[in-house]
Amino acid sequence: MNPTDNNDWDLVIQPEYSWRQNFDPKKIWRYRDLLVLLVKRDLVAVYKQTILGPLWFFIQPLLTTIMFTVVFGNIAKISTGEVPSTVFYMGGLLLWSYFADVVSKTSEAFITNQNLFSKVYFPRIIVPLSMALSNLIKLGIQSLMFAGFFIYYYCQGGISPNATLLLFPVYVLMTALLGLSFGMIISSMTVKYRDLRFLIGFGIELLKFAAPIIYPLSMAGDGTFKWVVLTNPMSSVIESFKYGCFSKGTFDWSHLGYSLLFLIVILFLAIRSFSKIEKKFIDTV
Amino acid sequence: MTNIVLQAENIAKQYRLGEVGTGTLSHDLNRWWARARGKEDPYLKIGDKNDRTVASESDYVWVLKDINFQVRQGDVLGIIGKNGAGKSTLLKVLSQITAPTTGQIKVKGRIAALLEVGTGMHPELTGRENIYLNGSILGMTRREITRKLDDIIDFSGCAKYVDTPVKRYSSGMMVRLGFAVASFLEPEILIVDEVLAVGDAEFQEKAIGRMQDVSSKEGRTVLFVSHNLLSVRNLCKTGLVLDKGHIAYTGTADEAVDYYRGSIFENIAKTDLTERTEARTNEYFTVKNIWFESDAGESGDHFVSGDKVSVCIAYESQLPELRFLSVGLGLYDFQGAMVSDLWNVSAEGYRASYPSTGVIRCTFPRLPLNEGKYSLSIYVTMKNTVAYALANAASFKVTQGDYFGTGVTPQIGKGRVFLEQVWSFN
């Protein structure tokens, strides 16, 4: 055996790895069971020792929708076009809250799992992935609720879906990856300098109003505000989903294309910065 | 021929001291600027040797430097060293928790690290759910865990509670559950920190037995870090002594332990108690000196079994009088095993008061120790708060003597202490 030949070894621990080595799919696949168990832990542990248990998955978005209906619909009287406001808000919030949850959860990935990460090694990407997946299940449950309301209003007449709704899985995937990318970038930036943490909640809230959730994109007018809204990569996803549901609003391939391009760039940046930080963070966190 | 399964080449690890703040930002920018121009990291050239007792001149410190070693298959390597010698950092580098600053480690086979028992266990989940969670965190697959589930539950001794959330467990049960999972790990190389230091005696025995099985019967490689020199001697085949981030010695486990004990004894001789910065002390009480006196009142550190010897401790306090003074002296042999725990309270009870400054004398009318080197630790408390504590405060040598006055000297190395004994033959 020639000890200088690196090929003889199964593993070489070195100061730095390229991001390709860090995100080796084979390595991640080996930890799939851990991924599943972490997802299960997230889902099961949150609602243990509550009486309503998983029902809270329904109650939370329901309360938000009611709040929105009262505040924006009845008090501020912001027009939702011809679509009933309840189902309009619910539709907008569905993907948005998935995005917001994934961003806020994954952005804290290093800090909340500091203890775990300092004791045992596994590909760190597993943790953000598990967060995206457990929230995906939450999204699934909430989609069922939305479907219920949707069918109710459909039977009442006034809303009609169209074929673009079939793109829903694509929207979900885009939302998941956008949320993950934002979260991963923030998490790697907050490891050493935590200043940014204080801005995250505020930033997400701000971004929420720069997305067509409580208003249709057409309301944004044609001026600067429309461009601000369209710069938000989640806007086209949410607006397109709503168009698919209600056949009202905007469906523009160029808007979706922009979001997709944005996604590819930010995902690449996220993987680079996350892999750069994953080996060092335990010294700086 | 046995193969090398782990090879560390020039491992070094640098840490920055102090808090993260604007100062680190300027260094980061500097570093980035150097890298942008294609130059070397300017902070890698500097850095002190890691001696925690001396205030550092630089902001950077080398916790590990020039670490080179090899481990062969089936070997059990014990890594020993003082607090701060770099043991934990080396473990973290080996287990990929943190990356080395320079150098590389080459590994053959699956490697798993056990730096803590029950890592990642969630208090709200049941014992069974946590076995799966903890096992998969340590790198087992679900199928593997299912196959071993009954054994794990059996080994942990928590069968009755396995469907109860672990937050209802006693801390001992948590540890046992965690260790049970870990001990059914089957990596080719296992890295173990001092996790054996937890749990009750019965469980510790079980744990050590399991570790021995892993290496001897199953032929796997174990890297074991411990303060407990006895368990290093018992478990390990080879040893490695770390001192201030460097490898001070490599050899068989026995040799390494002897070297380590020897270096401690050397240090004791060199340093004055007032310079021992690792001593724990409070503002009212301090120990100034410790020495040994023979029957003639001469101080020295070399005695013969059966001599009259006093341990003298000069102390000073700011209080007008001392009450409830408890002085404990731990007497240890060369291998670090405790020979006896000497305690004024158990030997004579409490006195009404003690002088505020003076010399404490603990006298052995006839020193009942066999030939060898011994060390003493001091542990002083007042009203149950620690006033002074220092391990390895002083050492002395004993040469063989006619303890029983029979003209027959006892055998060297057969036991450490002489017990008063009466024989009869009827």
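The condition of being under 30 Å from A:Thr50 (Cβ atoms), within 12 Å of another protein chain (Cβ to nearest Cβ) and not small (Gly, Ala, Ser) does not hold for B:Thr89. One residue alone among B:Gly103, B:Gly78, B:Gly109 is part of a loop (DSSP other than H, G, I, E, B) and of a type in the set (Gly, Ala, Ser), and that residue is B:Gly109. Of the residues contained in segment A:155-163, none is found to be buried (at least 16 other Cβ atoms within 10 Å of the Cβ) and out of contact with any Cys (no Cβ under 9 Å at 6 or more places or on another chain). The single condition among (1) farther than 23 Å from A:Ile28 by Cβ; (2) within 10 Å of chain A (Cβ to nearest Cβ); (3) not in a helix (DSSP H, G or I) that B:Lys65 does not meet is (2).
Scanning segment B:347-372 for residues being free of Cβ contacts under 8 Å to residues at least 40 places away in the same chain and buried (at least 16 other Cβ atoms within 10 Å of the Cβ) gives a total of 1. Looking at segment A:28-51, is at least one residue within 27 Å of A:Arg197 (Cβ to Cβ), among the charged types (D, E, K, R) and either modelled with pLDDT of 80 or more or assigned to a helix (DSSP H, G or I) (or both)? Yes: one or more hits.
Yes/no matrix, rows are residues, columns are (1) within 14 Å of another protein chain (Cβ to nearest Cβ); (2) part of a helix (DSSP H, G or I):
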| site | (1), (2) |
| --- | --- |
| A:Phe57 | no, yes |
| A:Thr65 | no, yes |
| A:Val71 | no, yes |
| A:Thr86 | no, yes |
| A:Leu95 | no, yes |
| A:Val102 | no, yes |
| A:Ile111 | yes, yes |
| A:Phe122 | yes, no |
| A:Val127 | yes, yes |
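Scanning segment B:387-418 for residues that are assigned to a strand (DSSP E or B) and aromatic (Phe, Trp, Tyr) yields B:Tyr388, B:Phe396.
Residues checked against (1) crowded, with 18+ Cβ neighbours inside 10 Å; (2) away from chain A (no Cβ under 14 Å); (3) of a type outside the set (Val, Ile, Thr):
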| position | (1), (2), (3) |
| --- | --- |
| B:Thr119 | yes, no, no |
| B:Thr141 | no, no, no |
| B:Ser156 | yes, yes, yes |
| B:Lys160 | no, yes, yes |
| B:Asp163 | no, no, yes |
| B:Arg220 | yes, yes, yes |
| B:Leu235 | yes, yes, yes |
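Scanning segment B:315-340 for residues being in contact with a Leu (Cβ under 9 Å, 6 or more places away or on another chain) and hydrophobic (A, V, I, L, M, F, W, C) gives a total of 6.
A Cβ distance below 7 Å, combined with a sequence gap of six or more or placement on separate chains, defines the contacts here; from segment B:97-113, residues that are under 25 Å from A:Phe110 (Cα atoms) and at the interface with chain A (Cβ under 7 Å from one of its Cβ atoms) reach residues that are among the basic types (Lys, Arg) and surrounded by fewer than 21 Cβ atoms within 10 Å (Cβ to Cβ) in the pairs B:Ala99/A:Lys280.
Of all residue pairs spaced 6 or more apart or on separate chains, those with beta-carbon atoms under 8 Å, a first member in segment A:152-169 that is more than 14 Å from A:Tyr243 (Cα to Cα) and a second member that is of a type in the set (Gly, Ala, Ser) and assigned to a loop (DSSP other than H, G, I, E, B) are A:Tyr154/A:Ser160.
For segment A:78-96, the criterion of being closer than 30 Å to B:Val117 by Cα and surrounded by 21 or more Cβ atoms within 10 Å (Cβ to Cβ) is met by none of the residues. Note on segment A:246-285: residues that are more than 14 Å from chain B (Cβ to nearest Cβ), part of a helix (DSSP H, G or I) and of a type in the set (D, E, K, R) amount to 1. Exactly one residue among A:Lys242, A:Lys226 is more than 28 Å from A:Met184 (Cβ to Cβ) and either among the basic types (Lys, Arg) or within 14 Å of chain B (Cβ to nearest Cβ) (or both), and that residue is A:Lys226.
Matching residues to (1) surrounded by 16 or more Cβ atoms within 10 Å (Cβ to Cβ); (2) aromatic (Phe, Trp, Tyr); (3) at pLDDT below 90; (4) farther than 30 Å from A:Ala163 by Cβ:
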| residue | (1), (2), (3), (4) |
| --- | --- |
| A:Val191 | yes, no, yes, yes |
| A:Phe198 | no, yes, yes, yes |
| A:Ala211 | yes, no, yes, no |
| A:Gly249 | yes, no, yes, no |
| A:His255 | yes, no, yes, no |
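Reported count of residues in segment A:207-236, each being under 22 Å from A:Tyr154 (Cβ atoms) and under 20 Å from the mean Cα position of the chain (by Cα), is 3.
Residue-wise test of (1) surrounded by fewer than 11 Cβ atoms within 10 Å (Cβ to Cβ); (2) among the aromatic types (Phe, Trp, Tyr).
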site	(1), (2)
A:Gln14	no, no
A:Arg20	yes, no
A:Asp33	no, no
A:Lys40	no, no
A:Gln60	no, no
A:Thr64	no, no
A:Phe68	no, yes
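The values are calculated or read from the model by the stated rules, or taken from the named source; none is laboratory data. Keep in mind it's a predicted model, so treat the numbers as computed, not measured. So basically every Cβ, Gly included, is an ideal-geometry build from the backbone, and we count neighbours across all protein chains shown.
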